[in-house]
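Single-structure report; data block below.
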Amino acid sequence: MRLTCPFCGPRDVAEFVYEGPFSGAPQTERPALSAAPAAWVEAVFLRDQPRGETRELWRHLHGCGCFLDVLRDTLTHEVRAVAFADPADAAAMRAKP
Amino acid sequence: MSGFRLRGHAAPLVPFTWQGRAMLGAQGDTLAAALLANGVRTVGRSFKHHRPRGIMAAGEEEAGALVTLGEGARTTPNLKPSVVELEAGLVARAQNCWPSLRFDLGAVNDRLSPLFAAGFYYKTFMGPFADTRIWMACERLIRRAAGMGAASPLPDPDLYDRVHGHCDVLVAGSGPAGLAAAREAADAGLDVVVAEADFALGGDRLSDRDPQELAAALAELDALPNVRLMARTMVFGLYDHGVAGLVERLPAGAPWRERLHVMHARKVVAATGALQRGFVFGDNDRPGVMSAAAARTYVRRFGVAPAREVVVAGAEDSAYAASIALAQAGLDVIHLDAREAAPPALAERARAAGVDLRPGWVPVRTQGHALGGELRGLSVGRHLGDGRARAETRLPAEILAVSGGWSPSIHLTTQARQKPAWSAELGCFLPGEGEVLSCGAAAGVWSREGAETSGRAAGRLAAIALKATRRRPLKDADPGGDEAPPAALWEVRPAGRAFHGAGKAYVDPLHDVTADDVRLARQEGFEAPEHMKRYTTLGMAPDQGKAGGVIGLAVLAVARGEGTGSLAPTTFRPPYAPVSMGIFAGPDRGPGWAPVRRTPFHAQAEAAGAVFVDAGLWKRAWFFPRPGEDLTAASMREAAMVRATVGVADVSTLGKVEVQGRDAAAFLDRIFANPMANLPVGRARYGLLLREDGIVLDDGTVWRLAGDRFLVTCTTAHAATTAEHLARWRFRWPELDATVDETTEAWCGLALAGPRSRAVLEALTGADVSDAALPHLGVREIEATGAPARVARLSFSGERAYEVMVRPEAAAALWQAALAAAGAEGGGPYGLEALDILRVEKGHVTGREIDGRVTPGDLGMPGMASRAKDYVGRALMEREGLLDPARPVLIGLRPVEPGAKVAGGALLHPLGAETGRGIGHVSSVADSPALGMRIALGFAAGGPARWDGKLLMAKDPISGRDVKMRAGPPCFLDPWGERLHG
């Protein structure tokens, strides 16, 4: 399996780590630090098991280190799209000469 | 008379050894061909019934006998002789027989066969005795009796290689269809790889009468720069995203034995051909029974006659190709066709070749020699329909060549989740449509011309899919192509009462599964194919449904009273055929297992006599022995030296993360359990980080280098996870202006510890490092030995101590200067063991204590968890269970008898209640020179508050040694920290 990192290009999956499901907005990945334990239990311990298309957060840990927004199908293992998950990375890439 | 080499087969001779006997084969032979040519009929004993077995096929579908190759450490068991390339000096032997191949004591299993039906062992031995010693003893014997070959216990001396490869089109198989597909795709300019499992390219074309045509076609293809032809290379599995696993067997003399290709193919074409299957009748497993296609292959490709007297028993057209080839080679051939009427054109050709053709007849049961059991004849009868026949007469035969139909090799498309469909017309599963394209016999196209058409069409489709051509798809060949339809014949069952019994009728000879076993499975409720397969082991393991898969499903469907129209195959899994474990390990073993990390001080430490220890991937200086010293003596001397004068230790492996930005302080304040926002510039602070679930992740120090610039150091063991933790949270808080960069290897460092450490630092820096200029927990960026350095006054040992970090290129100079200055003060280097002694004496924690189960409270540092701010892990740390006052808390332990040596990991028990799991455990031990005894840190329920001054028993269930210890606070030395300023 390969993922196409928007910075590094297509790379073997061994270079990446899976970070969990992704909502699309980094700041909503976890409850506020001040939130009650129940909200944290939900976020840390409970997992959906989606069938079909799912949005995930990956990190190109052994590459550029960028966090990646991956659209993947859990049924077919097809990777539909890989984009920067961090808007700052996307902006930096656009600004690249 | 048994097998022999046909006249006119001119190939150089190849010597080999079978069962200790020297034999000669011909170049280009498989082991099976060479054995047949040497007249060998029985090649092994079967897995469960210990029946004699011979060569049954000419490919991976071989179900007759497995053999063991090689000797000593190179012993390889369970190989199919039909796919083993004959190489000079090859040594092969039969397996699963004792004391000899022809007189096998285990054959008594065959006589007791009613006892050895599927499920017998489990029902008999496990039911009443499950989980008892009786079952365990029986299991050992059963496993030995039901044996496969034995692997060598010695380490594999061979090397295995692994490469990643890329291509546009991967064609699996080099038969007529595969070569046509490759040619078509190559003509569109695509990069094509053709992988062929056999050692010779050509597939079925190797059995052509004129070998020159194939050689010319291969030469032409090989000359194309964009085509790679790979013989001895099996596509054993297809994985996601077009990744194919290929195993290449390298010829003898290559530096590697095998090579794993992880092939990234944009398109895969399965031209894997089809396997001929037989049908089932009484004693259809004797040496001498083989597939009709195999008999043809031995005659045509290898020039080997399996015997002179042959009966061909077919239920479909391709059996004629076999009988014609055999008759043309001068053998005596009787051809039984299960169909009422023979296809006229084929029949005429067969008769013209001298075949004695008998339409409407089937074999009922074979007969063998009294001694050895090899085939000598068979009872035959007229086919009464639906597989029923009555034995009417006997025919003599040394070879019975059977053809029940063909099964396309749909393993690869099935692995790609393309669901196969049953074709009642062709009597086989056809591959499902999808990303992987099938062509030729793999798609049920039987004829040579059809296969080539089908291959070209697949090659064109691949080129279109990859946008390499604008041309239109080619017309594909239709499946089938026989003159007359096949008879749906799965099993011949004696009509009426069989006087002499029906014999054993094998569906899967490799696993000794009979048709009765399949029916028994159904009778016992294992009606679904997947259940039947597991109950009987049909088609499992090396076979993967090649020999008996389809027949087993058909026999089951008939037993269920259903037609075969609704058959669905069981799942095929990679590998297609067995592959060595070595290719998966590849070069990752021995020194290649893991990379080695050495610090920039490694060479200097080595020159200073260091003994190194593995710490993760790092090599760390463990101790610096003087003549005659062992680990304990050296480390105790080093620890005492630090307390008396000064020691120098390599601390480069500490994790380092730089955090910068306007909000760097706010970021760290949210990360650490203790406050960080108010850390002044030029100061360092100890800190604890929690995981999200409230458990301590790591501890470390934070150095504030500037208002917006921090250095976080963390433990060696947790460096990577801590750096990832910080990066993850920086991502989650985009509102904070902060960057996180791991710099562990960008800086290296020495710890200078001991009452004389300041003098050493002065010598290194030449700067004012007085207590006023660099107080305890002070940080300065100055020069050391002329290089930029970061210096912090931090202590892990409890002594006055400094950490000096420089860039790796300055390491050698720093080490030399530090050692010289320390030597002048009466000090020297110290290693990891002394470092550990010093920290245990002070009750400082490391990974032994921060073991992924403890909270700040458990470490005796509840105060480190701020109540005035929010931070990562706080919410879940405040869960009820983690606040329980009865949780094990860090304590210090000293032995009641000063000489007693407690072991790490010992369980702690209150005196008089020394059973069970106890109330905690010993986490770290140290032979303390300062206290003159072995002290320990550990965890006990309730902690020092409950146990201070009381006795606990430390029990080591492994050594059986119990040590009575007195509990106290975890700090053994200088509880008020006065030495920090000494």
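The values are calculated or read from the model by the stated rules, or taken from the named source; none is laboratory data. Everything numeric in this text was worked out from a predicted model, so none of it was measured. Quick reminder, even Gly has a Cβ in these numbers, built from the backbone with ideal geometry, and neighbours come from all protein chains shown.
One table, with the values for the structure above:
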| item | result |
| --- | --- |
| Condition met for B:Asp741 (in a strand (DSSP E or B), within 14 Å of chain A (Cβ to nearest Cβ) and under 52 Å from the mean Cα position of the chain (by Cα)) | yes |
| The stretch A:50-74 - residue that is free of Cβ contacts under 8 Å to residues at least 24 places away in the same chain and not charged (D, E, K, R) and, of those, nearest to the other protein chains (Cβ to nearest Cβ) | A:Gly65 |
| Residue within the stretch A:9-16 that is in contact with a Leu (Cβ under 9 Å, 6 or more places away or on another chain), within 25 Å of B:Tyr871 (Cβ to Cβ) and not aliphatic (A, V, I, L, M) present | no |
| Only listed residue being in a loop (DSSP other than H, G, I, E, B) and of a type outside the set (A, V, I, L, M, F, W, C), chosen from B:Arg456, B:Arg470, B:Arg460 | B:Arg470 |
| When residues of the stretch B:683-735 are limited to those that are aliphatic (A, V, I, L, M), more than 22 Å from B:Arg662 (Cβ to Cβ) and more than 14 Å from chain A (Cβ to nearest Cβ), the one surrounded by the most Cβ atoms within 10 Å (Cβ to Cβ) | B:Val696 |
| Qualifying residue in the stretch A:88-97 (condition: within 30 Å of B:Leu882 (Cβ to Cβ) and more than 8 Å from every other protein chain (Cβ to nearest Cβ)) | no |
| Among (1) more than 34 Å from the chain's Cα centre (by Cα); (2) among the hydrophobic types (A, V, I, L, M, F, W, C); (3) within 13 Å of B:Gly173 (Cα to Cα) - the single one B:Leu201 does not satisfy | (1) |
| The lone exception for B:Ala621 - which of (1) closer than 28 Å to B:Ala746 by Cα; (2) part of a loop (DSSP other than H, G, I, E, B) it fails | (2) |
| Residue within the stretch B:902-916 that is in a loop (DSSP other than H, G, I, E, B), more than 14 Å from chain A (Cβ to nearest Cβ) and acidic (Asp, Glu) present | yes |
| The stretch A:46-82: number of residues that are loosely packed, with under 14 Cβ neighbours inside 10 Å, over 19 Å from A:Pro6 (Cβ atoms) and not hydrophobic (A, V, I, L, M, F, W, C) | 9 |
| Residue satisfying all of: in the stretch A:14-45; within 30 Å of B:Gly165 (Cβ to Cβ) and more than 9 Å from every other protein chain (Cβ to nearest Cβ); surrounded by the fewest Cβ atoms within 10 Å (Cβ to Cβ) among these | A:Ala14 |
| Per-region count, the stretch A:75-87, residues more than 12 Å from chain B (Cβ to nearest Cβ) and among the small types (Gly, Ala, Ser) | 2 |
| Candidate set: the stretch B:562-597, residues that are among the basic types (Lys, Arg) and surrounded by fewer than 16 Cβ atoms within 10 Å (Cβ to Cβ); chosen: the one modelled with the lowest pLDDT | B:Arg573 |
| Test for B:Ala753: is it under 17 Å from B:Ala621 (Cβ atoms), touching a residue at least 60 places away in the same chain (Cβ under 8 Å), in contact with a Lys or Arg (Cβ under 8 Å, 6 or more places away or on another chain) and among the hydrophobic types (A, V, I, L, M, F, W, C) | yes |
| Enumerated strands (runs of 3 or more DSSP E) restricted to the stretch B:358-444, each holding at least 2 residues that are without any contact (Cβ under 8 Å) to a residue 24 or more places away in the chain | B:375-382 |
| Condition met for B:Glu658 (under 22 Å from B:Ala792 (Cα atoms), among the acidic types (Asp, Glu) and surrounded by fewer than 23 Cβ atoms within 10 Å (Cβ to Cβ)) | yes |
| Pairs where the first residue, in the stretch B:214-235, is under 19 Å from B:Pro251 (Cα atoms) and the second is assigned to a helix (DSSP H, G or I), C-beta under 6 Å, 6+ apart | B:Leu229/B:Asp222 |
| Condition check for B:Leu876: surrounded by fewer than 24 Cβ atoms within 10 Å (Cβ to Cβ), away from chain A (no Cβ under 14 Å), touching a Pro at 6+ places or on another chain (Cβ under 9 Å) and of a type in the set (A, V, I, L, M) | no |
| Spans of strands (runs of 3 or more DSSP E) in the stretch B:237-325 with at least 3 residues in contact (Cβ under 8 Å) with a residue 12 or more places away in the chain and hydrophobic (A, V, I, L, M, F, W, C) | B:243-249, B:258-270, B:309-314 |
| Residue match in the stretch B:786-802 (condition: more than 14 Å from chain A (Cβ to nearest Cβ) and part of a helix (DSSP H, G or I)) | no |
| Residue in the stretch B:504-512 that is away from chain A (no Cβ under 14 Å), within 36 Å of the chain's Cα centre (by Cα) and of a type in the set (Asp, Glu) present | yes |
| Checking B:Gln418 against (1) within 14 Å of another protein chain (Cβ to nearest Cβ); (2) closer than 29 Å to B:Arg493 by Cα, the condition it does not meet | (2) |
| Some residue of the stretch B:935-954 being within 48 Å of the chain's Cα centre (by Cα) and basic (Lys, Arg) | no |
| Number of the exception - B:Val262 against (1) more than 14 Å from chain A (Cβ to nearest Cβ); (2) under 30 Å from B:Ile464 (Cα atoms) | (1) |
| Filter result for the condition that a residue is modelled with pLDDT under 95 and buried (at least 18 other Cβ atoms within 10 Å of the Cβ), over B:Val235, B:Val227, B:Val243, B:Val247 | B:Val243 |
| Matching residues, the stretch B:184-236, being out of contact with any helix residue (DSSP H, G or I) (no Cβ under 9 Å at 6 or more places or on another chain) and in a helix (DSSP H, G or I) | B:Gln212, B:Ala215, B:Ala216, B:Ala219, B:Asp222 |
| Residue check for B:Pro680: within 14 Å of chain A (Cβ to nearest Cβ), assigned to a loop (DSSP other than H, G, I, E, B) and over 25 Å from B:Gly616 (Cβ atoms) | no |
| Identity of the residue in the stretch B:123-178, within 25 Å of the chain's Cα centre (by Cα) and acidic (Asp, Glu), that ends up modelled with the highest pLDDT | B:Asp161 |
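Listed here are the residues, each with its yes/no results for (1) outside any loop (DSSP other than H, G, I, E, B); (2) more than 22 Å from B:Arg266 (Cβ to Cβ).
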{"site": "A:Thr4", "(1), (2)": "yes, no"}
{"site": "A:Ser23", "(1), (2)": "no, yes"}
{"site": "A:Arg30", "(1), (2)": "no, yes"}
{"site": "A:Glu42", "(1), (2)": "yes, yes"}
{"site": "A:Arg47", "(1), (2)": "no, yes"}
{"site": "A:His62", "(1), (2)": "no, yes"}
{"site": "A:Leu68", "(1), (2)": "yes, yes"}
{"site": "A:Ala83", "(1), (2)": "yes, yes"}
{"site": "A:Ala88", "(1), (2)": "yes, yes"}
